[in-house]
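Visitor: The structure under discussion is supplied below as structure tokens; questions concerning it will follow.
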Amino acid sequence: MKKLLLLLLLLVSSVYAKVIITTTIYPLYDVVQDVGGDNVELNNLIPFGTEPHAFEPTPQNIVTLLKSDLFIISSPVMEPWADKIIKANHLEKITTDMSKYVRIKKHKSFKEGKAFDPHYWLSFNNYIRMVKEIEALLVAKDAINSKTYKKNAKNYIEKIKTLQDKYETLKSCKNKRVIVNHDAFGYLSDDYGIKQYSISGMSPDEQPSAKQIAQLIDIVKKENIHTVFFEEFANDKLSKTIAKEAGAKSEELSPAGNISKQAHRKNVKFLDIMRKNLVKLKKAMDCQ
Ligand SMILES: [Zn+2]
């Protein structure tokens, strides 16, 4: 009888115990939120409302990580600080590097070595792979709720595919050139045959020279680009100057690497951001 009671207790506690997951960038948080649902206690390491490239971990972050069942990072390129923390706190067994499960592409600024363009979440096919990998992680960690995780993942993938279909319209735009604040839209540009010009490099804190700025103003004029994009968590001064000098408009486009605190409170999802981005891209690229 005692044994049976103990077994029952174990079973009940494993059904109700939540899987504690810590993620780095917002897209990972967004996917875990949808696939994990109520079975997951989710921690966001990079605070909402901040620029993700500029993040530096705090001692409190380590405390959070030591309590986590799973730690999901986007890549060592995006989170160069992660490796040291993982090794120092023996987190290897709970860590997943999502960049190993998606299609990654090289970037011109990295001539050699293992570096690549870290903004892979801006390709819908990669986003679907992220959903599938997080589903697999949750099923392995919490088999009792595997049916729920599978159902949640399937539903999310359906929603992603619906928006992905709408993005197809970008392929037939008249002016397939965009100028963005930093080199975040390489994957999206590849998917739809867009030429991306960027004001700063792989990270928003890489500043262009005066000569490069003059060249960009020239490009905006020559390529008939009428919208210069800026982004929420980076300085918009240069985008606005270039737009003004070239007689173009300036408009926000989100790389979706993070969302504001307010947007998080309103439960803004990755797909909401991408829906807004589509409207702006269609306008900027003269689509039907
Ligand atoms: Zn970026």
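Visitor: With 208, 255 as the choices, which residue is within 20 Å of residue 105 (Cα to Cα), touching a residue at least 24 places away in the same chain (Cβ under 8 Å) and in a loop (DSSP other than H, G, I, E, B)?
Guide: Details: 208 fails: within 20 Å of residue 105 (Cα to Cα).
Checking each option against the conditions leaves just 255.
Visitor: Right, something else. Among the residues of the range 172-191, is any away from the ligand (no atom under 16 Å from the Cβ), closer than 17 Å to residue 128 by Cα and not hydroxyl-bearing (Ser, Thr, Tyr)?
Guide: Taking the range 172-191 as the starting set, the residues that turn out to be away from the ligand (no atom under 16 Å from the Cβ) are 172-177, 191.
From what's left, closer than 17 Å to residue 128 by Cα: 191.
Next cut, not hydroxyl-bearing (Ser, Thr, Tyr) only: 191.
Yes, there is a match, as at least one residue in the range 172-191 is away from the ligand (no atom under 16 Å from the Cβ), closer than 17 Å to residue 128 by Cα and not hydroxyl-bearing (Ser, Thr, Tyr).
Visitor: Let me ask you something else. I'm trying to understand the selection: among the residues of the range 31-52, which are within 16 Å of the ligand (Cβ to nearest atom) and of a type in the set (Val, Ile, Thr)?
Guide: Those that are within 16 Å of the ligand (Cβ to nearest atom) and of a type in the set (Val, Ile, Thr): 46, 50.
Visitor: Of the numbered conditions (1) more than 16 Å from the ligand (Cβ to nearest atom); (2) in contact (Cβ under 8 Å) with a residue 24 or more places away in the chain; (3) buried (at least 17 other Cβ atoms within 10 Å of the Cβ), residue 122 satisfies every one except a single condition; which is it?
Guide: Of the numbered conditions (1) more than 16 Å from the ligand (Cβ to nearest atom); (2) in contact (Cβ under 8 Å) with a residue 24 or more places away in the chain; (3) buried (at least 17 other Cβ atoms within 10 Å of the Cβ), the odd one out for residue 122 is (1).
Visitor: Residue 167: of a type outside the set (S, T, N, Q), surrounded by 20 or more Cβ atoms within 10 Å (Cβ to Cβ) and not in a loop (DSSP other than H, G, I, E, B), yes or no? Spell out how you get there, then give the answer.
Guide: Numbers: of a type outside the set (S, T, N, Q): yes; surrounded by 20 or more Cβ atoms within 10 Å (Cβ to Cβ): no; not in a loop (DSSP other than H, G, I, E, B): yes.
No.
Visitor: Take the residues of the range 229-245 that are crowded, with 19+ Cβ neighbours inside 10 Å and under 24 Å from residue 170 (Cα atoms): which is nearest to the ligand (Cβ to nearest atom)?
Guide: 231
Visitor: Here's something else I'd like to know. Being within 16 Å of the ligand (Cβ to nearest atom) and either among the polar types (S, T, N, Q) or in contact with a Lys or Arg (Cβ under 7 Å, 6 or more places away or on another chain) (or both) is the filter here, so list the residues in the range 53-77 that pass it.
Guide: Selection gives 74, 75.
Visitor: Further question on the same structure: Against the conditions (1) over 15 Å from residue 277 (Cα atoms); (2) modelled with pLDDT of 95 or more; (3) within 15 Å of the ligand (Cβ to nearest atom), where does residue 158 fall short? Just the number, please.
Guide: Answer for residue 158: the failing condition is (3).
Visitor: For the range 188-205, enumerate the residues that are in a loop (DSSP other than H, G, I, E, B), surrounded by 14 or more Cβ atoms within 10 Å (Cβ to Cβ) and either not polar (S, T, N, Q) or not assigned by TED's automatic domain parsing to the domain that holds residue 250 (or both).
Guide: From the range 188-205, those in a loop (DSSP other than H, G, I, E, B) are 193-194, 199-205; that's our starting set.
Now narrow it down to the ones that are surrounded by 14 or more Cβ atoms within 10 Å (Cβ to Cβ): 194, 199-204.
Within the range 188-205, 194, 199, 201, 202, 204 qualify.
Visitor: Is there a residue being loosely packed, with under 15 Cβ neighbours inside 10 Å, assigned to a helix (DSSP H, G or I) and either free of Cβ contacts under 8 Å to residues at least 24 places away in the same chain or in contact with an Asp or Glu (Cβ under 8 Å, 6 or more places away or on another chain) (or both) anywhere in the range 171-180? Write out each step before concluding.
Guide: If we filter the range 171-180 for residues that are loosely packed, with under 15 Cβ neighbours inside 10 Å, which is where we start, we get 171-172, 174.
If we keep only those that are assigned to a helix (DSSP H, G or I) as well, we get 171-172.
Checking the rest, the ones that are also either free of Cβ contacts under 8 Å to residues at least 24 places away in the same chain or in contact with an Asp or Glu (Cβ under 8 Å, 6 or more places away or on another chain) (or both) come to 171.
The answer is yes, given that some residue of the range 171-180 is loosely packed, with under 15 Cβ neighbours inside 10 Å, assigned to a helix (DSSP H, G or I) and either free of Cβ contacts under 8 Å to residues at least 24 places away in the same chain or in contact with an Asp or Glu (Cβ under 8 Å, 6 or more places away or on another chain) (or both).
The values are calculated or read from the model by the stated rules, or taken from the named source; none is laboratory data. Note that the coordinates shown come from a computational prediction; the quantities given were computed from them, not determined experimentally. Every residue, glycine among them, receives a Cβ derived from its backbone with ideal geometry; neighbour counts consider all protein chains shown.
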